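Each remark here refers to the structure printed beneath this line.
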Amino acid sequence: ASAFQSREEDDRKVRRREKNRVAAQRSRKKQTQKADKLHEEYESLEQENTSLKREIGKLTDEMKHLSEVLKDHEKICPLLHCTMNFVTVPRPDALASCLPR
């Protein structure tokens, strides 16, 4: 092997090492970006989850309130206590007294 071949092999090794170093750097950067993106997505989903839980709480409270209102209304509803409650079509004036004004 001549000195020229040896120097050429050394140059190839250096180029290959440099190419490998750049590829490794690119790969690490890509992994970091992927991790950052996943973290952002996680944060966003956590916020959405918190918001949805709050909404569930509000809707549950509203449902409880409306159930109570309905229970109270059923006690005084003329349609439910009418002796003619077997009639399928209620009288409009009886229905009107049950509806909110």
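Yes or no: Ala35 over 26 Å from the mean Cα position of the chain (by Cα), part of a helix (DSSP H, G or I) and aliphatic (A, V, I, L, M)?
Here the answer is no, as Ala35 does not meet what is asked.
Of the residues Glu8, Glu46, Glu40, which is charged (D, E, K, R) and at pLDDT below 95?
From the options Glu8, Glu46, Glu40, the qualifying one is Glu8.
The values are calculated or read from the model by the stated rules, or taken from the named source; none is laboratory data. If you're wondering where the values come from, they're calculated on a predicted model, not measured in any experiment.
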